[in-house]
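Take a look at the structure below.
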Number of protein chains: 2
Amino acid sequence: MWTRSERFRADTDGPSDSANGGLGLAVTMRDVAKHAGVSPKTVSNVLSGFPHIRETTRSRVLASVEELGYQLNLSARNFRAGRTGIIGLAVPELSLPYFAELADAVINAAEQHGLTVMIEQTGARRERELTVLSSERGQLVDGLLFSPLALGPADVDHLRTTTPLVLLGERIFRGPVDHVAIDNVAGTQAAVEHLIAAGRRRIAVLGVHPGEEAGTAAIRYGAYLEAMAAAGLKPAKKLAMPAGPWHRSTGADAMEQLLAGGKRFDAVIGLNDTLALGAIRVLTRHGLRIPDDVAVAGFDDIDEARYSTPTLTTVDPSRKEIARLAVKLLVERMAGDRTEWREITAPYALRVRESTTGTAANA
Amino acid sequence: MWTRSERFRADTDGPSDSANGGLGLAVTMRDVAKHAGVSPKTVSNVLSGFPHIRETTRSRVLASVEELGYQLNLSARNFRAGRTGIIGLAVPELSLPYFAELADAVINAAEQHGLTVMIEQTGARRERELTVLSSERGQLVDGLLFSPLALGPADVDHLRTTTPLVLLGERIFRGPVDHVAIDNVAGTQAAVEHLIAAGRRRIAVLGVHPGEEAGTAAIRYGAYLEAMAAAGLKPAKKLAMPAGPWHRSTGADAMEQLLAGGKRFDAVIGLNDTLALGAIRVLTRHGLRIPDDVAVAGFDDIDEARYSTPTLTTVDPSRKEIARLAVKLLVERMAGDRTEWREITAPYALRVRESTTGTAANA
DNA sequence: TTGTAAGCGTTATCAT
DNA sequence: ATGATAACGCTTACAA
């Protein structure tokens, strides 16, 4: 891709914008062309970074641009070119640290490709997620990164969008769509195995979504069940606590209920970090020692997990790598290079911290 | 190009093309108009919600839209209308919970006005903040909400943008620009007074920015100094710890240094919550009891503050209200209704929690 | 390497 | 309440 030459606006000291009386956008490419003694097309070429331009011409054009205080009309370019340079990122909500940190990473990754990101919050509501896929706004983005939470396998047909699409997160859909997946199964199992290796046997789970067959909750819970079974453990149903949205508050609520239930447990795995952190809060308030009485693990490795008390053992799904790969896939898809869809699973790493070991490690 | 012939075919064949083969965006307003037996302008009027349209016409048009699978070309509309329905939100980084939660609130507030939000991360870097103000991208947004961190009073001239602008956060600039301010002074003083009322005398500060004269750090630190002076206390210079970006990590580092410095202190105020939370982590690891040995307070009231161990006493600047007011101001500014600029200070509230009282309260 | 011609699909203007 | 016409400012195709 060409790199667009950076252009500067004449700031306050502007005798320069004499042409348009300082009233903003009156200067067009034609004005610049006239001023520089070239054709509009040449101005366009210069500003688009078209390589085959004589250096003298280029600098003459740029000088005129500066002198007239010209600013390219992006709407016009987008319209005519049929591209906007914007990609969409649809996430449940930015208040969830995982998605905020993911959005940060995606914005930075997109910037590397000269792309701007437009964030859409779905609130994890099915209807909103469908809207995102079919929205008119698809007209305004060249591609879409989509982290679905409410959609299930039955919705696979909705993924046949006209705009290039890359899915983030779970491997819920069979395709045919590009996908950067989190290694939920291996990651969750690693966490559970770690708890078992630490001698825990009654491991509770926070954040299950009863009735949901696909989705992060189902996948991670399934992985937990498998890991338990592999160790010859049969977890009691009562240790699987539902929690709708995965906030600190719902994690806290779930833990309160678990404690109220009276069922014994010596470890808890939150299906994400915020659930686990909410649970830690409640455990601590109830005077239970972590990890002595109850070990706690999470999933996501949000920044907070390194600074909570105790610090939180969790699974790091490598957000940066996910963002990088997702943008790369989307860019390739937008370029139309590839036809077959691809699925990439990002690496994960278990971060062992105090909430399971009692001492700082592997921070 | 194929788009052209596709459209041409629709033109000549008329309604027969109703299937459209799913090949994308070839259907234009003209096609719809022809199909419905009206003029393009009427279609436009219907789709733009122009009120004076006969009900039969409207429904005929909408039927044609549906039958042809027509989708409005937003790029074309934006171009022609000179508006995009997008507002920009420039923040330092979404990884900072305060800004993530603010962005969430702004997106929701904007939605109420039918506006979409495009987020720009400045990284709190001066150069990036200036770019945001003068960027070509200003062409693509109808207005900008800007939360400056690196700019100072000297940059006031840069705020004379052509795009409507509303500032968020500190009252650094004198105008002439709309502003939704946080009540930093009163909020910080309330926190300090609370610590003093709790019997603390040696109150350290985390996150000062030496050499910076304006900006959040300077304002909040100044308020701290005033509150101390008002109580007849003279804080030692050594208790004011610098921290560049206000992350948990820098808060932790600052606290390590404070402890290493050997200066006695019985309270700490973090200039934001993440600093305070990083500090709590370090204090706890050093075996200091909070609040018995050291009381801790923050600023921002991020969600995390209600679930940390201990929960964090902090100043709630009412993000939702800030977002609501800011979008409202911007919308009015975009409408061109008002000429004089306004400055609104959002209400604040001190949230007293365990980190200063030892017991849950006022959560 | 640069110029010419021809719109892209929508909305504004003004008329009816 | 609706229609005819003319742009909006840029890029694509092709010519030179």
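Assorted remarks:
- Breaking point among (1) in a helix (DSSP H, G or I); (2) at pLDDT below 85; (3) not small (Gly, Ala, Ser), for B:Leu25: (1)
- B:Ala90 being of a type in the set (Gly, Ala, Ser), in the same structural domain as B:Arg128 (by TED's automatic domain parsing) and touching a Phe, Trp or Tyr at 6+ places or on another chain (Cβ under 7 Å): yes
- Among the residues of the stretch B:235-276, the one identified as among the aromatic types (Phe, Trp, Tyr) and surrounded by 24 or more Cβ atoms within 10 Å (Cβ to Cβ) is B:Trp246.
- Tally, over the stretch A:200-219, of residues that are touching an Asp or Glu at 6+ places or on another chain (Cβ under 9 Å) and assigned to a helix (DSSP H, G or I): 3
- Options B:Glu127, B:Glu120; residue that is part of a helix (DSSP H, G or I), open to solvent by 30 Å² or more (accessible area, probe 1.4 Å) and not polar (S, T, N, Q): B:Glu127
- Some residue of the stretch A:31-44 being open to solvent by 20 Å² or more (accessible area, probe 1.4 Å), near DNA strand C (Cβ under 8 Å from one of its atoms) and at positive phi: yes
- Hits in the stretch B:143-172 (condition: away from every other protein chain (no Cβ under 14 Å), buried (at least 20 other Cβ atoms within 10 Å of the Cβ) and in a loop (DSSP other than H, G, I, E, B)): B:Ser147, B:Pro148, B:Leu149, B:Glu170, B:Ile172
- Residue within the stretch A:59-76 that is open to solvent by 50 Å² or more (accessible area, probe 1.4 Å), more than 7 Å from DNA strand D (Cβ to nearest atom), basic (Lys, Arg) and at pLDDT 90 or above present: yes
- Residue check, A:Asn108 touching a residue at least 40 places away in the same chain (Cβ under 8 Å), away from DNA strand D (no atom under 16 Å from the Cβ) and within 8 Å of chain B (Cβ to nearest Cβ): yes
- Just one of (1) more than 19 Å from the chain's Cα centre (by Cα); (2) in a loop (DSSP other than H, G, I, E, B); (3) more than 30 Å from B:Thr161 (Cβ to Cβ) fails for B:Asp301. It is (1).
- Taking the numbered list (1) over 30 Å from A:Ser135 (Cα atoms); (2) open to solvent by 20 Å² or more (accessible area, probe 1.4 Å); (3) at pLDDT below 90; (4) away from DNA strand C (no atom under 11 Å from the Cβ) in turn, A:His52 passes all entries but (4).
- Applying the criterion of being among the hydrophobic types (A, V, I, L, M, F, W, C) and assigned to a loop (DSSP other than H, G, I, E, B) to the residues of the stretch A:39-88, the residue that is nearest to the chain's Cα centre (by Cα) is A:Leu72.
- Failed criterion for A:Glu332 (all others in (1) in contact with a Lys or Arg (Cβ under 6 Å, 6 or more places away or on another chain); (2) of a type in the set (Asp, Glu); (3) within 14 Å of another protein chain (Cβ to nearest Cβ) hold): (3)
- Condition check for B:Ala186: surrounded by fewer than 18 Cβ atoms within 10 Å (Cβ to Cβ) and either touching a residue at least 12 places away in the same chain (Cβ under 8 Å) or farther than 26 Å from A:Glu93 by Cβ (or both): yes
The values are calculated or read from the model by the stated rules, or taken from the named source; none is laboratory data. Predicted model only: the values in this text are computed from it and were never measured. So basically every Cβ, Gly included, is an ideal-geometry build from the backbone, and we count neighbours across all protein chains shown. These accessible areas exclude ligands, DNA and RNA; they are computed on the full protein's heavy atoms, side chains included. Shrake-Rupley method; radii C 1.70, N 1.55, O 1.52, S 1.80 Å.
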